[in-house]
Amino acid sequence: KIPPRVSLKVEPLLSMQEGEEQRIVCEAKGYYPLDVEIRWYKQKAVLSNQRVVTPLPKQLSHSMLSGQKVNRDGTYSVSAFFYLQASLGDSGKQFTCSVFHQSLSEPIKESFILRNRCV
């Protein structure tokens, strides 16, 4: 069993104007065997030095998988993406890509925070 390497194709703090849309991609590479589960979550961002009860993350239902491929060494790669439309209500929210594979005891998580730019 080989665990995936997970990367987000977006900067950790994503600045967008309201109404702007961007394709957000999370990539899992080099894992074996094939079965992998990728989920996107959205939650209110909480600063780690504050003792705050984090609200439960909400799973995004509109993400898609694309380009599952076999690598030369027999491992697999896949991307999961969704289209993020910046809205005022989502400013300051944290979006997390969670990748689960049987080689892992818990999911690998990569996150970014959306910040709305005022025009």
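The values are calculated or read from the model by the stated rules, or taken from the named source; none is laboratory data. Bear in mind that the values here come from a model prediction, so they are computed numbers and not experimental data. With ideal geometry, Cβ positions are generated from the backbone for all residues, glycine too; neighbour counts draw on all protein chains shown.
Scan the stretch 23-34 and tell me whether some residue there is modelled with pLDDT of 95 or more and over 19 Å from P107 (Cβ atoms). For the stretch 23-34, residues modelled with pLDDT of 95 or more and over 19 Å from P107 (Cβ atoms): present.
In the stretch 4-19, which residues are closer than 18 Å to G74 by Cα and surrounded by 17 or more Cβ atoms within 10 Å (Cβ to Cβ)? If the condition is that a residue be closer than 18 Å to G74 by Cα and surrounded by 17 or more Cβ atoms within 10 Å (Cβ to Cβ), then P4, V6 are the ones that fit.
Inspect the stretch 39-62 for any residue being under 13 Å from the mean Cα position of the chain (by Cα), at pLDDT below 95 and surrounded by fewer than 11 Cβ atoms within 10 Å (Cβ to Cβ) and give the result as yes or no. So far as the stretch 39-62 goes, yes, one or more of its residues are under 13 Å from the mean Cα position of the chain (by Cα), at pLDDT below 95 and surrounded by fewer than 11 Cβ atoms within 10 Å (Cβ to Cβ). Looking only at residues of the stretch 68-119 that are loosely packed, with under 12 Cβ neighbours inside 10 Å and β-branched (V, I, T), we find that the one that is modelled with the highest pLDDT is V70.
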